[in-house]
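Enquirer: First the structure, then my questions, so here it is.
The values are calculated or read from the model by the stated rules, or taken from the named source; none is laboratory data. Computed from a prediction, not measured in an experiment: that's the story for all the values here. Heads up, the Cβs are rebuilt from the backbone with ideal geometry, glycines too, and the neighbour counts pull from every protein chain shown. Heavy atoms of the whole protein, side chains included, go into the accessibility calculation; ligands, DNA and RNA do not. Shrake-Rupley method; radii C 1.70, N 1.55, O 1.52, S 1.80 Å.
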Amino acid sequence: GKKLGYTFNNRNFHNVSLGQGQEVVAEQALDLAAKEGHWVILQNIHLVAKWLSSLEKKLEQHSEGSHKDFRVFISAEPAPSPDSHIIPQGILENSIKITNEAPTGMHANLHKALDNFNQDTLEMCTRENEFKSILFALCYFHALVAERRKFGPQGWNRSYPFNTGDLTISVNVLYNYLEASSKVPYDDLRYLFGEIMYGGHITDDWDRRLCKTYLEEFIKPEMLEGELLLAPGFPLPGNMDYNGYHQYIDDALPPESPYLYGLHPNAEIGFLTQTSEKLFRIVLELQPRDTNMGEGGVVTREETLKALLEEMLEKLMDEFNIAELMAKVEDRTPYVVVAFQECERMNILTGEIKRSLKELDLGLKGELTMTSDMENLQNALFLDTVPESWIKRAYPSTASLGTWFADLLTRIKELEAWTGDFSLPSAVWLAGFFNPQSFLTAIMQSTARKNEWPLDKMTLQCDVTKKNREDFASPPREGAYVHGLFMEGARWDAQTGIITDSRLKELTPAMPVIFIKAIPADKQDIRNMYPCPVYKTRQRGPTYVWTFNLKTRENPSKWVLAGVALLLQI
């Protein structure tokens, strides 16, 4: 390359790291540099959002009449979301932009993780074998936790900002611990990496369990005996030099697939389907909203809306008369209390639906002025999405409006049947509740009352039956039969009564009816069990309901890595 003939002494090179009130220093540096033909480097401008318009003006002012060698270099971290894009357009338009794209796939990520080190790093520890093995395992772990995010909630419940610092600090900790102790302190290392270095970012208990499980699989005494697999078909390499490790990744790492993460290939189908659905929804929302498409008798948007309004209002029943229902009941059992709570919540929701639809109807007839709320409702109905004011009063759901409304009517029917005589249905539809936790708690409360057991010493036992809801004519003497759950990440084998691998393309197979009863906590059998989280929707995370222990012949860690969960709706 051509030499620029620059001498980099401090005189003609100004490096300003922004934040902590460095804006004034930056402005002085820019003024001086523009006059003298120096270079200015402004780092981390994302930290000084308010100052950016002044910077834009300053650069504009110096764009004419300044020294021909004057240059400005600006760096900023990527914004976490589009609404955090704060760099003024003027600066962006007048600059040459260079971005550092994060690599995708395990192959690129593993190379990139290893790139943080060199041959000197590999030679710095006196316990070379142990140090290199754990360092390579950490690189794989680092690449894996970052890249697992692409699988959505089945990958991680929430998204975390894992970064290179987590890896380099972990390797420093590893070095210090190995130098200081005579045998490898596996437990301490796993704790430091999983609970502090990486775990420090993690806010969800199930994600913490996942992180811990990976480390238990990767960092253990067997790693030095040459029989540890980081993924199916990818053994932990033996002692090599730095370039040897890079070469090993190229030669030995299997092609990109969910198997590299301990996930089933279905995880990829689910994630790709959701991505494409999102894309189609955005395209739909970008369509022009022309109301008078009267050409050739095409139904106008207004007519479509009116038909939908009438249909919905017609199908919604009257609200539950709670006073009347209460008068029917002598004994307010825990189940009856849950039924009342559900009726109250349902009344609030259906009340809002009726109110907003009637209001919009009057707006469309021209009897009321259209407000922004009515506009939003109209758009939601037209785009087949659930309106905001209904979502606020409802339960988590990922369904489109048509499916959501049909589901709402089914929920109302279930409640009507239950409050007809307040006897527990033979099989309870757990997903039909606003608050499924309250029903599960009621199972424990009623058993505790009957047997005079203390509530805090109890737990729920889940026996998966071999039958479907139609096969049950009456509820059990104690506890409840629940139906309508689905498994994601694996499937239930009804014949052998254990969790087993999914079939390809069956993303969320239905579970048989589950018999749930309360037992004293010290009586529960936890051997060969996978503690399986139950969520309301595929978004997981905050929709967590309960944990059901499910039987497994394989190591439960397999199901943890596969992101296996039960879902109340799909």
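Enquirer: Report the net charge of residues surrounding residue 566, where surrounding means a beta-carbon distance below 13 angstrom and charges are Lys +1, Arg +1, Asp -1, Glu -1. Can you show the working numbers first?
Expert: Values: positive: 491, 536, 538, 540; negative: 488.
So the environment of residue 566 carries a net charge of +3.
Enquirer: Per-residue counts of other Cβ atoms within 10 Å, averaged by peptide: what ranking do you get for 236-246, 424-434, highest first?
Expert: Working: 236-246: 14.6, 424-434: 21.3.
Per-residue mean Cβ counts within 10 Å order the peptides as 424-434, 236-246.
Enquirer: Still on this structure, I have one more. On the accessible surface of the range 433-565, probed at 1.4 Å, how many percent belong to carbon and sulfur atoms?
Expert: Details: 3050 of 6420 Å².
Summing carbon and sulfur atoms, their accessible area is 48 percent of the total for the range 433-565.
Enquirer: Then there's this: Over the range 324-424, what percent of the accessible surface lies on carbon and sulfur atoms, probe 1.4 Å? Walk me through the intermediate numbers first.
Expert: Numbers: 2580 of 4960 Å².
So the carbon and sulfur contribution to the accessible surface is 52 percent.
Enquirer: Roughly how far apart, in whole Å, are the Cα centres of the range 19-75 and the range 438-460?
Expert: A separation of 67 Å, based on Cα centres.
Enquirer: So which aspartates and glutamates pass the test for residue 457, namely a Cα distance under 13 Å, with those fewer than 8 places away in the same chain ruled out?
Expert: 522
Enquirer: Then there is this: Mind checking the per residue accessible area of the range 374-481 for me, 1.4 Å probe, whole number of Å²? If you can, show how the numbers build up before the last one.
Expert: On the way: 5210 Å² over 108 residues.
Averaged over the residues of the range 374-481, the accessible area is 48 Å².
Enquirer: How large is the accessible surface of residue 371 in square angstrom, using a 1.4 angstrom probe and rounding to the nearest 10?
Expert: 60
Enquirer: Dipole of the range 487-570, Cα-centred, from +1 at each Lys and Arg C-beta and -1 at each Asp and Glu C-beta, to the nearest 20 debye? Don't skip to the end; give the middle numbers.
Expert: Values: 12 positive and 7 negative charges, 21 e Å.
For this selection, approximately 100 debye.
Enquirer: May I pose another question? Suppose we keep just the alpha-carbon trace of the range 348-415; what are its Rg and Dmax in angstrom?
Expert: 12.4, 38
Enquirer: Calculate for the chain the 222 nm mean residue ellipticity that helices alone would give, adding -39,500 (n - 2.57) per DSSP H run of length 4 or more and normalising by residue count, nearest 500 deg cm²/dmol.
Expert: Values: 19 runs with 248 residues, N = 570.
Only helices count here, giving -14000 deg cm²/dmol.
Enquirer: OK, next. Would you list the P(r) distribution for the chain, with all Cα-Cα distances sorted into 10 Å bins from 0 and each bin expressed as a whole %?
Expert: Here the calculated profile for the chain is 3, 13, 18, 19, 19, 15, 9, 4, 1, 0.
Enquirer: Then there's this: Report the semi-axes of the equivalent ellipsoid for the range 58-200 in whole Å, largest first, where each axis is √(5λ) for an eigenvalue λ of the Cα gyration tensor. Intermediate results must be reported in sequence, preceding the final value.
Expert: Values: eigenvalues 315, 86, 34 Å².
Over the Cα atoms of the range 58-200, the semi-axes work out to 40, 21, 13 Å.
Enquirer: What number comes out for accessible area per residue over the range 198-312 if the probe is 1.4 Å? Units Å², please.
Expert: Heavy-atom SASA per residue in the range 198-312 reads 56 Å².
Enquirer: Can you give me the relative contact order of the chain as a percent, contacts being Cα pairs under 8 Å and 6 or more apart? Write down the numbers at each step before the final one.
Expert: Details: 730 pairs, mean separation 60.1, N = 570.
Relative contact order of the chain: 11 percent.
Enquirer: Something else now. Which listed residue (454, 561, 439) has the Cα farthest towards the positive end of the charge dipole for the range 435-570, taking +1 on Lys and Arg C-beta and -1 on Asp and Glu C-beta about the Cα centre?
Expert: Going by the Cα projections, it comes out as 561.
Enquirer: Give me the percent of accessible area attributable to carbon and sulfur for the range 58-98, probe 1.4 angstrom. Present the calculation step by step, with values, prior to reporting the outcome.
Expert: Numbers: 1780 of 3410 Å².
C and S atoms contribute 52 percent here.
Enquirer: What's the longest bit of the chain with no exposed trypsin sites (Lys or Arg not before Pro), using DSSP loop states and at most 13 other Cβ atoms within 10 Å as the test?
Expert: Working: sites that count: 2, 3, 68, 97, 183, 289, 332, 466, 477, 503, 505, 527, 553.
Within the chain, the longest run free of exposed trypsin sites (Lys or Arg not before Pro) spans 333-465.
Enquirer: Enumerate the lysines that residue 450 could reach by cross-link, defined here as Cα to Cα under 22 Å, with residues fewer than 8 away along the same chain left out.
Expert: Once the sequence-local lysines are set aside, what remains near residue 450 is 517, 523.
Enquirer: Right, next: Treating only the Cβ atoms of Lys and Arg (+1) and Asp and Glu (-1) as charged, compute the dipole magnitude of the chain about its Cα centre; round to the nearest 20 debye.
Expert: Working: 59 positive and 77 negative charges, 108 e Å.
So the dipole magnitude of the chain works out to roughly 520 debye.
Enquirer: Just tell me, in residue order, which DSSP H segments of the chain are both 24 angstrom or longer along the helix axis (alpha-carbon based) and at least -0.5 in mean Kyte-Doolittle hydropathy. The partial results should precede the final answer.
Expert: Numbers: long enough: 128-147 (28 Å, 0.66); 164-180 (25 Å, 0.41); 266-285 (29 Å, 0.17); 334-365 (47 Å, -0.03); 401-421 (31 Å, -0.05).
Within the chain the helices that satisfy the rule are 128-147, 164-180, 266-285, 334-365, 401-421.
Enquirer: Given Cα pairs under 8 Å that are at least 6 residues apart, what percent is the relative contact order of the range 429-487?
Expert: Working: 26 pairs, mean separation 30.0, N = 59.
Relative contact order here is 51 percent.
Enquirer: With a cap of 12 neighbouring Cβ atoms within 10 Å, and only residues DSSP puts in a loop, list the GluC sites (Glu not before Pro) found in the range 21-105.
Expert: On the way: sites: 23, 27, 36, 56, 60, 64, 93, 101; in loops: 64, 101.
Within the range 21-105, the qualifying GluC sites (Glu not before Pro) (loop, at most 12 other Cβ atoms within 10 Å) are 64, 101.
Enquirer: Pull up the cross-link candidates among the lysines for residue 413, meaning alpha carbon to alpha carbon under 21 Å and not fewer than 8 places away within one chain.
Expert: The qualifying lysines are 315, 328, 354, 536.
Enquirer: With charges only on Cβ, +1 for K and R and -1 for D and E, what is the dipole size of the range 45-115 about its Cα centre, in debye, rounded to 20? The partial results should precede the final answer.
Expert: On the way: 7 positive and 9 negative charges, 30 e Å.
Charge dipole of the range 45-115: 140 debye, to the nearest 20.
Enquirer: Please work out how much accessible surface residue 481 shows to a 1.4 Å probe, ignoring ligands, DNA and RNA, in Å² rounded to 10.
Expert: The accessible area of residue 481 comes to roughly 40 Å².
Enquirer: Out of every Cα pair in the range 339-465, what percent are spaced more than 17 Å from each other? The partial results should precede the final answer.
Expert: Details: 5307 of 8001 pairs.
Value for the range 339-465: 66 percent of Cα pairs lie more than 17 Å apart.
Enquirer: What fraction of the Cα pairs in the range 199-296, stated in percent, has a spacing above 21 angstrom? All intermediate terms of the calculation are to be shown ahead of the outcome.
Expert: Numbers: 2930 of 4753 pairs.
The proportion of pairs with Cα distances above 21 Å equals 62 percent.
Enquirer: Let me ask you something else. For a test of understanding, tell me how many lysine pairs in the range 86-222 have Cα atoms under 21 Å apart, given they are 8 or more places apart or on different chains.
Expert: On the way: 112/132; 112/150; 132/183; 132/212; 132/220; 150/212; 183/220; 212/220.
Lysine pairs meeting both conditions in the range 86-222 amount to 8.
Enquirer: Any idea of the accessible area per residue across the range 24-159, 1.4 Å probe, to the nearest Å²?
Expert: Details: 7530 Å² over 136 residues.
It amounts to 55 Å² per residue over the range 24-159.
Enquirer: Which listed residue (142, 426, 184) has the Cα farthest towards the positive end of the charge dipole for the chain, taking +1 on Lys and Arg C-beta and -1 on Asp and Glu C-beta about the Cα centre?
Expert: The residue sitting most towards the positive pole is 184.
Enquirer: From the residues 125, 244, 408, which one has its Cα farthest along the dipole of the chain in the positive direction, the dipole being from +1 and -1 charges on Cβ of Lys/Arg and Asp/Glu about the Cα centre?
Expert: Value computed over the given set: 125.
Enquirer: Next question. Can you give the convex hull volume per residue for the Cα atoms of the range 406-465, as a whole number of Å³?
Expert: Numbers: hull volume 6.3 nm³, N = 60.
Taking the convex hull of the Cα positions in the range 406-465, it is 105 Å³ per residue.
Enquirer: Mind jotting down the distance between the C-alpha centroids of the range 352-426 and the range 113-183, whole Å?
Expert: The range 113-183 and the range 352-426 have Cα centres separated by 50 Å.
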